[in-house]
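A.B. asks: Once you've had a glance at the structure underneath, I'll fire off some questions.
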Amino acid sequence: MAIAMTLLMLVSLPFAAALAIALLHWASRAVHSGIAGAASAGGLALLASLAAPALGGATVPSASWSWVPSLGLDLTLMVDPLGWMFALLILGIGLLVVIFAHSYLAREEDTGRFFASLMLFQGAMLGIVIAGNVLLLLVFWELTSLASFLLIGFWQHKAEARQGARMALAVTGGGGLALIGGMVLLGLAAGSFDLATILTRGDIVRASPLYPAILGLILIGCFTKSAQFPFHFWLPHAMAAPTPVSAYLHSATMVKAGVFLLARLWPVLAGTEAYTLIVTSVGLVTMLLGAGVALFRHDLKSILAYSTISQLGMLVMLLGFSLEAAALAAVLHILNHAAFKAALFMSAGIVEHETGTRDIRRLGGLAKAMPITALIATLAAASMAGLPPLGGFISKEAMLYETPKLALFGLPWLLPVLATLGAGLSVGYSLRLAGHLFFGSPREAEPFARAHDPGAGMWASPALLTTLAVLLGLVPMLLAAPLVGAVTGAVTGGPAPEVDLALWHGVNLALILSLIAVAGGVVLLWQHKRLLAAWERTPLPDAKLLFDLAMRFADKWTRKAIVATHTPSLQTMLLMSFGVTIALVIDGAMSGGVLTGTRAGLPASAPGIVAWALLIAATAAVVNDAQNRLRVLIYISVIGLVVSLAFVQFSAPDLALTQISVEVVTILLLLLALNLLPKKPPAISSAPRKWRDAALAVSGGLLIGGIAWAMLTRDPGPTIAAYHLANAKSGGGGTNVVNVILVDFRAYDTLGEIIVLGIAGLGIFALLDTAATGAAGARLRAWRADMPHSPERHPMMLVAASRIILPLTLTVGIYLFLRGHNQPGGGFIAALVVAVAFLVQYLAAGFDWSDARKPFGEHKLIGWGVLVAMATGIGAMLLGANFLTSWFDYFSLPLVGKFELASAMLFDAGVFLTVLGAVMLALAQLSHVSQRAARAAGASGGEQP
Amino acid sequence: MTYEFLVASAIGVLVAGGIYLALRARTFQVVLGLTLISYAVNLFLFASGRLVIGRPPIWDKAVSQYTDPLPQALVLTAIVITFGMTAFVVILSLRSFLETGSDHVDGDKVPCDAQDGLAEDAAP
C-alpha cells in the first residue's frame, strides 16, 4: 500500500504543481519556479525511496487501479530499473532546468504559463516511463506532444515559434496516431494491455501475423518522437523554444521517449530480421545525417539540435542490434548524453543571454570573457566528442566495439566503417563548437564586449551536469555500473549482465576505430572552411519547404474531399436525405406482403369527410400559394384546426387542447416573423426542379400514407397500455392516464423534453439579442414598415377587452393545471393558455407597457421550472425511492372538502414554468426586435405610416 | 370511406406537401414544409395507437375499454417540442435574413419583392 501511494504521488505531483502554478499565475517568478522546483525535488525524494525495491528488489514495485476495464485500460504504474533511470533523468534534469530557467527567463515574461506547461510536460513524461499499461502509456504519450506544443510556442509573438510548434505537433502527433494503432494491435496480439504481461509474451507477438503491422506502426511512433530520419526535421525547428525547454524536452527527455519505448518493448519486438534491419539502418542513417549537418550549422542551438538527432540515431542503432551488450552501450550512452547535452544547451543559452547572439560566426575567444562557461561547455563538448577521460568516450568505445558483430546487408565491414565515420563527424562538430566559440580570437567585437559569466544561478545547473559527465568517465564503475547493469537487465528482460566499464581496455579494434575517429574529427575541423564552402555550393532539399508543401497539398485535397462529399447546401442535403429515405422505404416495400390488413375500419361520418376535405384543400393551398405568405398562415391554421378536431374525435382530449393552443402561439410567432421577412417574394425555382421535387414529394407521400394505411388496418401487437391504465389511479394517484404517464411513469422523458424546450427558448434569445449589431443591426435600422398599419397603435376596444380577458384566461389556465391529473389538462396545456393570455396583452397594449408590468423574467421561469422538476425527482430519492417517483395522499379541509396532494403536481408545476418561459421568451423577444427596429427607424426620421 | 383511410391519406398528403416545400429555396417555405411534416409525424405517431372513438384514457371504475394512452403522451410532448423547433428555425431564418439580406436557404443572392421593407440594398 505504501508503494502504491508513493507511485501515485510520484506521477500526480507534477500535475498538481502545474495546476497550482496556473492558479497562481499572477504571482511572481520566484513563486512559480519555487513550486516547480519543490515538486521536482519532492519527486526525486519519492524516487529515491523507490530505489532499493526498483533496482535490487525481487519484484518490481507496481500498483494498479481499475479505470476502464471494458477496454483493458487500467491505471497501472510500475517502476522497474528502466523506468527508474528515466524518471531520475526527468526529475533530476527537470530540477536543474527549473533552476536555470528561473534566471534565464526575464521577470516580466509569463513565467506562470511557462512553468505550468513545463510541469505538465514533466508529469506526462513521468507517466510514460512508469506506466504499466500500454493504453495508459499512450495517454501520457499524447500529453507530451501537447505539452511540447505549448512550450515550443511559448513565445507566441514569434512566427517561427508558432510554426515550429505546429510542425512538431503535426509530426509527433501524427506518429502518435500510428503508435496508437500499433499498441492496440500489440495488445490484441499479446492478449493483454498490461505491460508486464505483454513483456512476457514476446514469442507469441513475434509469431503473430500482426507482427509486421505492429512493428511498423510502433516504429513510426518511436521514430517521429525521437526525430529519426526521415522525420528528423521537426527537431531543429523546435529550437524556437526557450533554451531551458530545448535542454529539457529536446535533448534529455521527450526526444528520448522514442528510444525509451524501443528499449521498453525490446523483449517483445527485438530480435527479428526485420527489426534489426529497419531499426539499425534508420539509426545509422540518422546518425550520419545529423552529424554531417551539424558540422555546417552556425546557430549554436541548431548545431546542438542536429547533434542530438545524430546521437539519438546512435542510440536507436544500438538498440537495433538486438544484442545485450549493445543495449548496455545504449543505456550507458543515454546517461552520458543526458548529462553533456543538457549542459551544452544551457551553455548555449548562457552565451546567447550574455552576448545577444547564437551565431557561431560572430563569436569566438569567449574563454577570456566567460571562463566558467567556457570550462563547463568545453568539458561537455569533449564528452560529446568521445574524448578520454570523459563519459562519452566509454559509451562511444562500447558502441564501436559492438559494430563488427552485425553484418548489415550481409557486409561485415559496413557498420564499423560508417559508425567510425559518424563518430569522426561528431568529433568534428564537437571540437568546432568548443573551439570556434571559446578559443581563437573574437570574430566580432560587439558581442564579445558584452560577454561575461552569468550569476551562479545560471551556471550551477550545467556545472553539475558537466561534473557528472566527467565523473561518468573517471569512476564509471562507482557511478554508473550498478544502474546500467540493472537497466540493461530490464531492457532485455533477462538477468542483469556483468558490467565492466573502464577507460582502458587494452589495444583493440574499438580503440583503433576511436583513434581514427578523433583524427578524422581533427582533420574536419582543420579543413572546415573549405568543406563549408563545398557544402554551401551543394543544393540540398529544405525539409521545412517540403513539409509546408505537403501540408498545403493535404489542406487542398482535404478541402476538395469535404466539398465533394458534404456540399454546403441545405437544398442538396435535404434532397439526398429524402431521396435515400424514400429509396429505403421502397426497398422495404419490394420485399412483398399485403398492403391492407384485416382490421375492421370505422365508417367515417359526413362531418369527418368534410374536415378531411378541408385539410387536403388547405394543404394544397399552402403548397400552391406559398408566395403569398400571410394568406398561407390562414391555410396552416385550418390544417391545425382539423388536426385538433381529429384528436377530439379519436379519444385524445389532451392532445386536442395542446394542439389548439400550440396552434395559436405558432401562428402568432409566424406573423411576427413575417413582419420582418419578405411577404411576397417571387418564386425562384426552375420548372424542371419543381417537377423533380414534386415527383419526389408525391412518391414520399404515397409511401408514408401507405405505411400509415397498412398500420391502421392491422391490429396492434401486445402493448403496455394495460399496465399504465391499471396503475394510473392506484400508483400515480390520477385518473388522466396521459397526464400520469407524463408526470410519473415517463417523467424522466418529460424532464428531458422541457429542458430541450428551455434550450430552444434560450437559443432564440441568443439569436435575437445579438441581432441589433453588425450587418443585421444595420438592416434593422434601415427597416421601414411595409404593411398598412392600423391608424390606432393600440386600439381602444382591443386594449379594454384584453384587460378584462386576462384574469379570466389566467383562471382557465390555473383550472386546467389543477385538474390535469384527473381530467384533460396539465402543465403543458395550462402553460400554453397562460402564455396566450399574456401575449394578448403584448398585442393589445404594446411591448413596453406589458413588459414593464410583467411580474417575472422568462429566463428565470425556464431555470426555476427545470429546477423545480428536478428537485421533485431528487426529493423522491431523498425519501429512498427512485428518481422522480411520485407520492400522493388525500386530505380534507372545511369548505373545500376532500382533495388530493401529489408530488407529481409539483413536477407538473416545473413543466408549466419552463413551457411558459420558453414560449414567452420566443414571442416577446421576437416582437421586441421588430419594435426596436421600428423605433430605430422612427428615431432616424422615418415616418411611421 | 373509413376514418382509417381519411387519416392515412391525410398523412400522405401532408408528407407530400411538406417534402415539396422543404425542398424550396426560401427559408419561410422550408419552415412551412417542416410544419406540414410535423403535423404528419404527430398524426402518424398518434395513429400507432389505432383510431378509437369515445374511449378517452380517463380512468373510471365503470369503464373497461380505453384507447392506448402511451402514444398520446408521446405526441403531447412532441407537439410542444414541435413548437420549440419551429420557433427556433423561424428565428434562425430571420437572423440569417437580417445578416445576409437574402432569404435563400443557402445564402445565395435572390430577388426580394419590391414592397419589402428589408430590401437587400438597405445594407451598408
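A.B. asks: With all protein chains present, how much of the accessible area of the stretch B:1-94 (probe radius 1.4 Å) comes from carbon and sulfur, to the nearest whole percent?
C.D. replies: Values: 1880 of 2700 Å².
Carbon and sulfur together cover 70 percent of it.
A.B. asks: So if I restrict to the alpha-carbon atoms in the stretch A:113-264, what is the Rg, and what is Dmax, the biggest pairwise distance, in Å?
C.D. replies: According to the Cα coordinates of the stretch A:113-264, Rg and Dmax are 15.7, 52 Å.
A.B. asks: In addition: What's the angle, to the nearest 10 degrees (0 to 90), between helix A:653-676's Cα axis and the longest principal axis of chain A?
C.D. replies: 70
A.B. asks: Here is a follow-up. Assuming R0 = 22 Å, what is the FRET efficiency of B:LYS61 and A:PHE883, from their Cβ-Cβ distance, to the nearest 0.05?
C.D. replies: 0.10
A.B. asks: Right, next: Hey, could you grab the Kirkwood Rh for the stretch B:1-104? Inverse mean 1/r over distinct alpha carbon pairs, Å, one decimal.
C.D. replies: After inverting the pairwise mean of 1/r, the radius is 15.7 Å.
A.B. asks: Kirkwood Rh and Cα-based Rg: tell me the resulting Rg over Rh for the stretch A:186-227, rounded to two decimals.
C.D. replies: On the Cα set of the stretch A:186-227, Rg over Rh gives 1.01.
A.B. asks: Further, regarding this structure: Under 13 Å from the Cβ of A:ALA486, count the other residues' Cβ atoms, weight Lys and Arg +1, Asp and Glu -1, and hand me the total.
C.D. replies: Within the 13 Å Cβ shell, the charges total -2.
A.B. asks: Now for a separate question. Where the centre of each part is set by its Cα atoms, how far does the stretch A:555-575 sit from the stretch A:94-133, in angstrom?
C.D. replies: The two parts, judged by their Cα centres, are 43 Å apart.
A.B. asks: Moving to a separate point now. Work out how much length A:VAL610 to A:ALA766 would gain on full extension: take 0.36 nm times their residue separation and subtract the Cα-Cα distance, in nm to one decimal. Working shown, then result.
C.D. replies: Numbers: separation 156, 0.36 × 156 = 56.16 nm, distance 4.36 nm.
The A:VAL610-A:ALA766 span can extend by a further 51.8 nm.
A.B. asks: Using DSSP to call loops (not H, G, I, E or B), can you name the trypsin sites (Lys or Arg not before Pro) in the stretch B:1-78 whose Cβ has at most 13 other Cβ atoms within 10 angstrom?
C.D. replies: B:LYS61
A.B. asks: Let me ask something additional. The stretch A:680-713 to the stretch A:246-314: how many Å between their Cα centroids?
C.D. replies: Result: 66 Å between the Cα centres.
A.B. asks: For the stretch A:540-605, what is the per residue volume of the convex hull drawn over the alpha-carbon atoms, in cubic angstrom?
C.D. replies: 162
A.B. asks: Carbon and sulfur together cover what percent of the accessible area of chain A at a 1.4 Å probe radius?
C.D. replies: 71
A.B. asks: A further question follows. Mind checking the mean number of beta-carbon atoms from other chains within 10 Å of the Cβ atoms in A:661-669?
C.D. replies: 3
A.B. asks: Hey, another quick one. Ignoring GluC sites (Glu not before Pro) that are buried or in helix or strand per DSSP, and keeping those with at most 13 other beta carbon atoms within 10 Å, what is the longest stretch of chain A between them? Before the final figure, lay out each step's value.
C.D. replies: Numbers: sites that count: A:GLU108, A:GLU498, A:GLU792, A:GLU943.
It runs A:109-497.
A.B. asks: Can you give me the C-alpha center-to-center distance between the stretch A:597-643 and the stretch B:1-77, rounded to a whole angstrom?
C.D. replies: 12
A.B. asks: Go from 0 up to the bin containing the longest alpha carbon distance in the stretch A:129-207, width 10 Å each, and give me the % of pairs per bin.
C.D. replies: Spelled out bin by bin, the stretch A:129-207 gives 19, 37, 24, 14, 6, 0 percent.
A.B. asks: With only alpha-carbon atoms counted, please give the Rg and Dmax of the stretch A:747-826, in Å.
C.D. replies: 20.0, 53
A.B. asks: Given N residues in the stretch A:516-656, what is Rg(Cα) / (2.2 N^0.38 Å)?
C.D. replies: 2.58
A.B. asks: Heavy-atom accessible area per residue, the protein assembly as shown, 1.4 Å probe: how many Å²? Write down the numbers at each step before the final one.
C.D. replies: Details: 42800 Å² over 1069 residues.
With the other protein chains kept in place, the protein assembly as shown gives 40 Å² per residue.
A.B. asks: Next question, about the same structure. Note the per residue figure in Å³ for the convex hull of the C-alpha positions in the stretch A:426-552.
C.D. replies: Here the figure is 271 Å³ per residue.
A.B. asks: Let me ask something else. Before anything else, pin down the relative contact order of chain A: Cα pairs under 8 Å, at least 6 apart, normalised by residue count, whole percent.
C.D. replies: RCO, chain A: 8 percent.
A.B. asks: So, one more: Go from 0 up to the bin containing the longest alpha carbon distance in the stretch A:5-65, width 5 Å each, and give me the % of pairs per bin.
C.D. replies: Answer for the stretch A:5-65: a P(r) of 4, 18, 22, 19, 13, 10, 7, 5, 2, 0 percent.
A.B. asks: Same structure, new question: Using a Förster distance of 51 angstrom, determine the FRET efficiency expected from the C-beta separation of A:ALA52 and A:ARG559, and round it to 0.05.
C.D. replies: Working: r = 59 Å, r/R0 = 1.15.
So, using R0 = 51 Å, E works out to roughly 0.30.
A.B. asks: I want the local charge near A:ILE516. Using Cβ-Cβ distances under 15 Å, sum +1 for each Lys or Arg and -1 for each Asp or Glu among the other residues.
C.D. replies: Local charge sum for A:ILE516: 0.
A.B. asks: State to the nearest 20 debye the size of the charge dipole of chain B about its Cα centre, where the only charges are +1 on K and R beta carbons and -1 on D and E beta carbons.
C.D. replies: Its charge dipole is roughly 640 debye.
A.B. asks: Among the lysines, which fall within straight-line cross-link reach of A:LYS690, defined as a Cα-Cα distance under 23 Å, with same-chain neighbours fewer than 8 residues apart omitted?
C.D. replies: A:LYS679, A:LYS680, B:LYS109
A.B. asks: Related question: Could you work out the Kirkwood radius for the stretch A:46-129, taking every pair of different alpha carbons, averaging 1/r and inverting it, reported in Å? Numbers along the way, then the final one.
C.D. replies: Working: mean 1/r = 0.0672 Å⁻¹.
Averaging 1/r across every pair of different Cα atoms and inverting gives 14.9 Å.
A.B. asks: Under a Cβ-only charge scheme (Lys and Arg +1, Asp and Glu -1), can you give me the dipole magnitude of the protein assembly as shown about the Cα centre, in debye to the nearest 20?
C.D. replies: On the way: 61 positive and 56 negative charges, 283 e Å.
It comes to approximately 1360 debye.
A.B. asks: If the convex hull of the alpha-carbon atoms of the stretch A:614-674 is projected onto planes in all directions, what is the mean projected area in square nanometres?
C.D. replies: The number I arrive at for the stretch A:614-674 is 3.9 nm².
A.B. asks: So what's the net charge close to A:GLY717: Lys and Arg +1, Asp and Glu -1, counting the other residues with Cβ under 14 Å from its Cβ?
C.D. replies: +1
A.B. asks: How long are the semi-axes of the equivalent ellipsoid of the stretch A:452-498, defined as square roots of 5 times the Cα gyration tensor eigenvalues? Whole Å, largest first. Show your work: numbers first, answer last.
C.D. replies: Details: eigenvalues 216, 26, 6 Å².
Semi-axes (√(5λ), whole Å): 33, 11, 6.
A.B. asks: Plugging the Kirkwood radius over Cα pairs into Stokes-Einstein for the stretch A:163-203, at a temperature of 37 °C and a viscosity of 0.692 mPa s, what D comes out in µm²/s?
C.D. replies: The estimated diffusion coefficient comes to 284 µm²/s.
A.B. asks: Average partner chain C-beta neighbours within 10 Å, per residue of B:43-53?
C.D. replies: Numbers: counts 5, 6, 0, 6, 6, 5, 6, 10, 8, 5, 5.
Per-residue shielding by partner chains comes out at 6.
A.B. asks: In whole Å, what are the Cα extents of the stretch A:68-195 along the three principal axes, biggest one first?
C.D. replies: Rounded to whole Å, the extents work out to 52, 30, 22 Å.
A.B. asks: 222 nm [θ] for chain A, helices only, -39500 (n - 2.57) per DSSP H run of 4+, per residue, to 500?
C.D. replies: Numbers: 41 runs with 676 residues, N = 945.
The per-residue figure over chain A is -24000 deg cm²/dmol.
A.B. asks: Taking the radius of gyration and the Kirkwood hydrodynamic radius from Cα positions alone, what is the Rg/Rh ratio for the protein assembly as shown, to two decimal places? Can you show the working numbers first?
C.D. replies: On the way: Rg = 39.4 Å, Rh = 35.1 Å.
Checking Rg against Rh, the ratio lands at 1.12.
A.B. asks: Taking the convex hull of the Cα atoms, report for the stretch A:645-770 its projected area averaged over all directions, in nm².
C.D. replies: Convex hull of Cα atoms, orientation-averaged projection: 12.6 nm².
A.B. asks: Which whole number gives the average count of other chain Cβ atoms within 10 Å of the Cβ atoms across peptide A:631-641?
C.D. replies: Partner Cβ neighbours, averaged per residue: 2.
A.B. asks: Let me ask something else about it. With solvent modelled as a 1.4 Å probe, how much accessible area in total do chains A and B shield from it at their shared surface, in Å² to the nearest 100?
C.D. replies: In total, chains A and B hide about 9800 Å² from solvent.
A.B. asks: What full-extension length gain, to one decimal in nm, is calculated for A:ALA694 and A:HIS353 as 0.36 nm per residue of separation minus the Cα-Cα distance? Walk me through the intermediate numbers first.
C.D. replies: Working: separation 341, 0.36 × 341 = 122.76 nm, distance 7.55 nm.
Fully extending the segment from A:ALA694 to A:HIS353 adds 115.2 nm.
The values are calculated or read from the model by the stated rules, or taken from the named source; none is laboratory data. Worth saying up front: this structure is predicted, and the values here are computed from it rather than measured. Counting neighbours? That spans all protein chains shown, and the Cβs are built from the backbone with ideal geometry, glycine included. To get the accessible areas, we keep the full protein, side chains included, count just its heavy atoms, and leave off ligands, DNA and RNA. Shrake-Rupley method; radii C 1.70, N 1.55, O 1.52, S 1.80 Å.
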